[in-house]
Structures are given as structure tokens and as C-alpha cells.
1. At 7 Å along Cα-to-Cβ for each site, give me the label-to-label distance between Lys98 and Asn31 in nm.
2. What is the order of Lys96, Lys122, Lys136, fewest Cβ neighbours within 10 Å to most?
3. Starting with the fewest neighbours, write out Thr115, Thr48, Thr37 ranked by other beta-carbon atoms found within 10 Å of each beta-carbon.
4. Of Lys98/Lys128; Lys98/Lys123; Lys65/Lys119; Lys65/Lys136, which pairs sit farther than 25 Å apart, going by alpha carbon to alpha carbon?
5. Using the basic label-point model (7 angstrom from Cα toward the beta carbon), what is the Gln69 to Lys122 distance in nanometres?
6. Taking the mean number of other Cβ atoms within 10 Å as a proxy for protection, how do you rank 13-25, 71-83 from highest to lowest?
7. May I ask you to sort Val67, Val45 by Cβ crowding, counting other Cβ atoms within 10 Å and putting the fewest first?
Amino acid sequence: MSDKSNFPYKTLIWALVALIALFLFKSQFENALTNATEINILGVVIKTNDENALRLRDSLVHYKKEVDQTVTDLSAQLSLQEKSLNQLIINNKDLKDKLKTCNIEVNQPSTLIGTDIFKMLKKNSELKNQIDAIKKVEIMAFKK
């Protein structure tokens, strides 16, 4: 049997070649890293080239437009519901006044209607707060 050592020369050679390549192309690597655009998406920082950064920005701008449209639609729907609720409150007050003039004791249903209206107003204000929170979210920031 031959008495050969099992030293990994091939692996060592490739590691040396990689180290020499890093040393020779050091300036090119530095330029590639310093010219990268830094993108902050929901707190996650990504470094990429300008082309990918622009494509990502365009897609996020498109997504933001869709979100803004949805928020606008929800705001319009909430304002319409708020107007309807205000009209219901006015009608409820009118009905209570008319019931007071009547001789019949029917206060229980009007009280239930009044509490339902106030519950709806509370939910409406909660939805407004959620929409305001959605509007304040910053999706993306660029740094060069």
C-alpha cells in the first residue's frame, strides 16, 4: 500500500484562487457595494442596484395607490354611514318627543333603538381610527 497523505490540496487551491480573486477585484467589489441603493420596506433594509430599486418602487407605488383608493372608499362609506346615523339620532329624538305626548307607555322600544344607534356610532368611530392608522403607515423609504 502506498503511504499517501489525505491532505485536501484541491480544496485549498480553490480557496486560494477565491482569495486572490477577491484581492485583485477589491475595487470593483467596493464600487458594487457602495453604488447600491438602500431600500427600507416596512423596517427591512435591502441593498440592490438602481434598476431593481426602481422596479420595486414602481410596484409599491402601484400597491399604495390601490390601498389609498380602498381607504378613500372606506372613508366615503363611513361618512355616509355617519350621516345616516345622525339622521337616525334625530329621528329617534323626534320619536321620543312624540311618544311623550302620547298616552301609551311605549318607552322600552325607543330606548333599545337609542342604544343600538350609539353602539353603531361607537363602531363607526373605531373604524375611523383604524383607517387613520392605515393612512399613517410608511411603506417604503429610499437611501442612496
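Computed from the coordinates by the stated procedures, all read-outs in this text should not be read as laboratory data. These numbers come from a predicted model, not from an experiment. Every residue, glycine among them, receives a Cβ derived from its backbone with ideal geometry; neighbour counts consider all protein chains shown.
1. About 8.4 nm, to one decimal.
2. The most exposed by this proxy come first: Lys136, Lys122, Lys96.
3. Details: Thr115 9, Thr48 14, Thr37 18.
Lowest to highest Cβ neighbour count: Thr115, Thr48, Thr37.
4. Lys98/Lys128; Lys98/Lys123; Lys65/Lys119, as the Cα separations exceed 25 Å there.
5. Label at Gln69, label at Lys122, 3.6 nm between them.
6. Values: 13-25: 10.2, 71-83: 12.8.
Per-residue mean Cβ counts within 10 Å order the peptides as 71-83, 13-25.
7. Val45, Val67
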